[in-house]
Amino acid sequence: MKKLTEIIYYVGASDYKLDLFEGQYEVPNGMAYNSYLIKDEKIAVIDSVDESCFDEWIKNIKEVLGDVEPDYLVIHHMEPDHSSSILKFVEVYPDVTLVSGFLAFKMLDQYFHHEFKNKLLVNEGNKLILGEHELTFISAPMVHWPEVMVSYESKTKTLFSADAFGKFGAFDYEEDWACEARRYYFGIVGKYGIQVQALLKKAASLDIQMICPLHGPVLDKNLDYYLNLYDIWSKYEPEAEGVAIFYTSVYGHTKLAVNELEEKLLKAGAKKVVKFDLARDDESEAVEDAFKYGKIVFATTTYNMSIFPFMNSFLTHLVEHNYQNRDVAIIENGSWAPNVEKVIKERFKDSKDIRFIEPVVKILSSMNEENHKQIDQVVDALLEKSEKAETKKTQKWVCKICGYTYEGEELPEDFKCPICKHPASDFQKIE
Ligand code: FEO
């Protein structure tokens with residue numbers, strides 16, 4: 001339990017032993033299920049916790065309330081990590097009123113098949129008056145499920161933001177916020193950028209001093225930093241300069257190409273290169289960095305006339321999460337019917353603004369001389385050197401005698417002005 005303001009308390013709990021959050025995400029630093037309590041004339045508990053943390057949650061509530069019973073349980077989100085304790089909570093506090101939206105109550109029935117006696121239905125803009133404090137409900141569909149609402153408490157200027165602004169990690173685990181918040185966002189909410197943008201627009205009209213999410217720490221300083229990252233992420237804009245390489249390699253030949261590309265990129269001045277072996281590295285970390293960087297390389301082998309399984313799974317994740325607005329290079333390997341370029345381009349055919357870089361590095365079993373040249377060209381394209389070369393071509397010289405202008409990469413030594421016939425020595429470079 002932790003006191004956040006004179007009357008708002010943190011009463012959530014953390015699971016430090018969970019192996020996989022949502023059945024798929026490793027959470028080495030635990031997982032927080034946040035719940036809050038507003039103790040005004042009326043008492044509202046804001047959201048519940050995963051059933052695994054029920055005992056600690058009730059202990060925290062009783063630490064604040066003693067034998068006093070809460071009036072309301074506000075349900076912003078019905079996913080079981082926040083709802084699986086509801087029935088047990090009602091067994092402890094049978095007179096409590098559940099406060100939520102229509103869809104959430106429908107899901108409540110689906111999960112519990114139980115007749116809850118006290119329910120208060122709220123919609124967008126409705127208020128729950130607790131005394132001096134009141135909650136105004138704002139619908140936030142698909143952030144991250146369709147029934148999601150957030151609420152704003154105007155006296156303390158607090159946004160109870162449901163899954164938005166959440167992260168992996170226990171409540172009291174101190175670490176860089178952005179790293180685990182980004183992995184959480186792109187893994188769990190990332191598909192719904194449009195809906196997050198809609199929520200950010202609604203939030204922009206509010207004076208917010210504190211954000212209380214359902215996972216991760218309470219945010220009460222530098223809120224612009226978090227809001228700005230959410231804006232970048234939900235617009236699918238690259239957040240950092242750099243190249244992210246994702247590869248699979250069966251016998252090491254594709255890996256050799258990847259290592260050569262990495263080395264050449266760094267030598268040519270790439271600010272940052274990150275590399276993921278999709279068969280060995282954590283997939284959610286790879287998904288996170290695919291969204292973090294704007295220049296992307298996929299390197300894989302042809303397999304069963306498609307692509308290697310780990311790359312297949314990775315690309316499925318990206319496409320399903322609305323992957324877009326990236327420059328993508330391909331390294332293909334195949335020994336008798338290479339198919340990688342075709343499969344990858346087909347996979348992104350309906351994705352927005354996936355710009356494929358030429359040439360594709362086409363390896364037949366192991367690298368040849370042509371492949372080394374293709375890698376050089378990919379390095380240039382990724383670092384946009386070709387654009388700089390293009391700029392160089394537009395150099396101009398002016399004839400000091402008649403004013404004629406010559407354009408080209410270089411002024412030939414034997415050049416004569418076509419107007420006044422003066423030699424190249426009478427021309428001046430225009431800087
Ligand atoms: Fe934290 Fe969408 O549940």
Worksheet item: If you scan region 74-107, which residues turn out to be under 22 Å from HIS144 (Cα atoms), more than 29 Å from the chain's Cα centre (by Cα) and open to solvent by less than 10 Å² (accessible area, probe 1.4 Å)?
Response: ILE86, LEU98, VAL99
Discussion item. For region 28-59, which positions are assigned to a loop (DSSP other than H, G, I, E, B), open to solvent by 10 Å² or more (accessible area, probe 1.4 Å) and not charged (D, E, K, R)?
Written reply: PRO28, ASN29
Item to complete: Evaluate the following for GLU132: is it farther than 13 Å from HIS77 by Cα, open to solvent by 30 Å² or more (accessible area, probe 1.4 Å), at pLDDT 95 or above and more than 11 Å from the ligand (Cβ to nearest atom)?
Response: yes
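Is it the case, given these coordinates, that VAL90 is of a type in the set (Val, Ile, Thr) and more than 18 Å from ASP50 (Cβ to Cβ)?
no
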Fill in: Answer from ALA279, ALA257 - the residue that is more than 16 Å from the ligand (Cβ to nearest atom) and surrounded by 17 or more Cβ atoms within 10 Å (Cβ to Cβ)
ALA257
Practice prompt. Give me the pairs, please: first residue somewhere in region 346-365 and without any contact (Cβ under 8 Å) to a residue 40 or more places away in the chain, second residue anywhere and aromatic (Phe, Trp, Tyr), beta-carbon distance under 6 Å, and either six or more positions apart or on two chains.
Written response: SER351/TYR323; ILE354/PHE348
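Tell me, please, whether a residue that is crowded, with 16+ Cβ neighbours inside 10 Å and closer than 20 Å to VAL218 by Cβ can be found in region 116-128.
no
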Item to complete: Could you tell me which of the residues ASP67, ASP19, ASP71 is open to solvent by 20 Å² or more (accessible area, probe 1.4 Å) and at pLDDT below 95?
Response: ASP19
Discussion item. Looking only at region 367-405, how many residues end up being at pLDDT 75 or above, open to solvent by 60 Å² or more (accessible area, probe 1.4 Å) and assigned to a helix (DSSP H, G or I)?
Written reply: 6
Practice prompt. Go through region 135-253 and tell me which strands (runs of 3 or more DSSP E), entirely inside it, have 2 or more residues that are open to solvent by 10 Å² or more (accessible area, probe 1.4 Å) and away from the ligand (no atom under 14 Å from the Cβ).
Written response: 240-247
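The values are calculated or read from the model by the stated rules, or taken from the named source; none is laboratory data. These figures come from a predicted structure and were not determined experimentally. Counting neighbours? That spans all protein chains shown, and the Cβs are built from the backbone with ideal geometry, glycine included. When the accessible area is computed, the model is the full protein with side chains, heavy atoms only, and any ligands, DNA or RNA have been set aside. Shrake-Rupley method; radii C 1.70, N 1.55, O 1.52, S 1.80 Å.
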